[in-house]
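Okay, structure first, notes after.
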2 protein chains.
Amino acid sequence: MSARATTRPGGRSARVQQSVHQAVRDLEAELGRDALTVPLIAARAGVTPSTVYRRWGDLRELLSDVAVERLRPDALPADHGSLRADLEAWAAQFADEMSSAAGRTYIRDALLGDPEQGNAARCSDYAAEQLKAIGVRAAGRGEAVPGVETLLDVVVAPLMYRILFRPSDLSEGYTGHLVAAALGGDSAPSAPKS
Amino acid sequence: MSARATTRPGGRSARVQQSVHQAVRDLEAELGRDALTVPLIAARAGVTPSTVYRRWGDLRELLSDVAVERLRPDALPADHGSLRADLEAWAAQFADEMSSAAGRTYIRDALLGDPEQGNAARCSDYAAEQLKAIGVRAAGRGEAVPGVETLLDVVVAPLMYRILFRPSDLSEGYTGHLVAAALGGDSAPSAPKS
DNA sequence: GAACCAGACGCAACTCCTTCGCGTTAAGCT
DNA sequence: AGCTTAACGCGAAGGAGTTGCGTCTGGTTC
């Protein structure tokens, strides 16, 4: 049902998918996300609307695909010399990007794809890959490293929960507090009031 | 923009809102959620489609309102005699309800409402109220009680993250593991592999 | 390398969701 | 009771979403 598993990866189908995705990005930048419609996107991409409906089935599904691509990290997390520094830097950047208006829109769009496994799981996989890379690097230094599952539970999940459900309660030092909780160290000064 | 803050809470407006909400629930049970359309709902509710569009602006917004109402807990958490037992029972029930097909649909619908504060925050408030009630009761017994913020971070957020992003990775004893992490006790046997 | 098969696309017509202006109704207030 | 204004009903116009059919292209097989 999704366009990802195209049965014909090469040739025309690939060109259509590429041009449609590009049209979404262009029009989103020009007109804003709320102005996007399938006929508009199709016209910009040089295809007919029915093609888009057949491949993606829905505007939501198409936007979900594009959103997941934009959420894909473009590089491995930077090396700051220690597990704690790496995690804090990564979590801070993650929180910044995801809590922005654009980031929240992409997350929401990504969550709207096919409800079963699919686009949403990819977002989590991206975070897991980054955390795993940080963990492997720290293990190479001889540091004790929490498992990826634990980091997802203790750092990523609370951040995402606040971004999605409590957008107003995302303070500055919160990521530091979460990393400290994950590593068992001291909490950052601006820990939650409890 | 949302229908909640109706400037005229009484009289006809209230009747319209009530009948429209009821129509959504009825039609959702009869035809399934995907078959819902604004004209259909309006006809069942005995109003014109333009009324629905004016009040809610969008089918998504209307479904978001209805979903939040369905996510509202109908009773205070049961008393099992101890903080740990109360938390485990509540978390297990929460996970069950939210990870079901209907629960996930309601959560997704609720998240689609007005992006700023609104319906999504209500969902979190519901959980916070329940946790606070459990906490107050435990404090009355003389138990040491983690703050609501901590419980949201350590128990609710990981559950919700898995439900939304990793629907396949929600094992049986996971909630027990999370409660144990929150209370500092031993982990349940089926803890994550890390 | 040439013919075959199947999936994907373009085209066009149809349905109906969505929007908007205007007149009417009723809720809240003095 | 009269007034003000928000909310609703109605109807028309525009546009999104859907579908059937023919054509084309990419992959496969002989």
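Data table
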read-out	value
Amide proton proximity set for B:H80, modelled H, under 5 Å, gap of 5+	B:D86
Cut-off 11 Å between beta-carbons: net charge of the residues surrounding A:D34, Lys and Arg +1, Asp and Glu -1	-1
Rel. contact order, % - alpha carbon contacts under 8 angstrom, at least six apart, chain B	17 percent
Ascending list, in nanometres, of distances separating the A:D34 label from those of the other copies (7 Å, Cα toward Cβ)	2.9
Cα shape, the protein assembly as shown, gyration tensor, a/c 1.5 rule	oblate
Part-to-part distance (alpha-carbon centres) for the range A:39-73 and the range B:16-48, which is given in Å	29 Å
Number of partner chain Cβ atoms within 10 Å, mean per residue of A:165-177	3
Separation of alpha-carbon centers, the range B:96-146 and the range B:76-94, rounded to whole Å	14 Å
Nearest-0.05 FRET efficiency for B:R25 and B:A78, computed from C-beta distance (R0 25 Å)	0.45
Total formal charge among the other residues, if their Cβ is under 13 angstrom from that of A:C123, Lys/Arg +1 and Asp/Glu -1	+1
Principal-axis tilt of helix B:101-111 within chain B, Cα atoms, nearest 10 degrees	70 degrees
Sorted peptide list for B:24-32, A:14-22, B:157-165, criterion being average Cβ within 10 angstrom, highest first	B:157-165, A:14-22, B:24-32
Of B:L27, B:L183, B:S13, farthest towards positive along the dipole that unit charges on Lys, Arg, Asp, Glu beta carbons give chain B	B:S13
Helix A:83-99 axis, angle to chain A major axis (alpha carbon atoms, nearest 10°)	40 degrees
Cα gyration tensor, the range A:59-121 - rounded (a/c under 1.5), prolate or oblate	prolate
Closest Cβ on chain B to the rotation axis that carries it onto A (distance rounded to whole Å)	B:A157, 2
Rounded to 10°, Cα long-axis angle of helix B:119-140 versus longest principal axis of chain B	40 degrees
Other copies of B:P49: label-to-label distances in nm, shortest first, labels 7 Å along the beta-carbon direction	1.4
Test item: Cα-centred dipole of the range B:60-194, Lys/Arg +1 and Asp/Glu -1 on Cβ, debye	240 debye
Projected label distance in nm at B:R12 and A:T51, using a 7 Å step from Cα toward the beta-carbon	5.0 nm
Inter-probe distance in nm under a simple model that places probes 7 Å from Cα toward Cβ, at B:E97 and A:D96	3.9 nm
Neighbouring partner chain Cβ atoms per residue of A:108-115, average, 10 Å criterion	3
Charged-residue dipole, Cβ positions (Lys, Arg, Asp, Glu), the range B:12-57 about Cα centre, Debye nearest 20	320 debye
Descending semi-axes in whole angstrom, ellipsoid equivalent of the range B:70-161, from the Cα gyration tensor	25, 14, 11
Other-copy label distances relative to B:R72, 7 angstrom Cα-Cβ extension, nm	4.4
FRET efficiency for B:S171 and A:D125, using Cβ-Cβ distance with R0 set to 25 Å, rounded to 0.05	0.85
Helical contribution to [θ] at 222 nm, DSSP H n ≥ 4, -39,500 (n - 2.57), averaged over chain A, rounded to 500	-19500 deg cm²/dmol
Cα-based Kirkwood hydrodynamic radius, chain B, one decimal, Å	18.4 Å
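Computed from the coordinates by the stated procedures, all read-outs in this text should not be read as laboratory data. What you see is a predicted model; the values in this text were computed from it and never measured. Don't worry about glycine lacking a Cβ; one is built from the backbone with ideal geometry, like all the others, and counts go over all protein chains shown.
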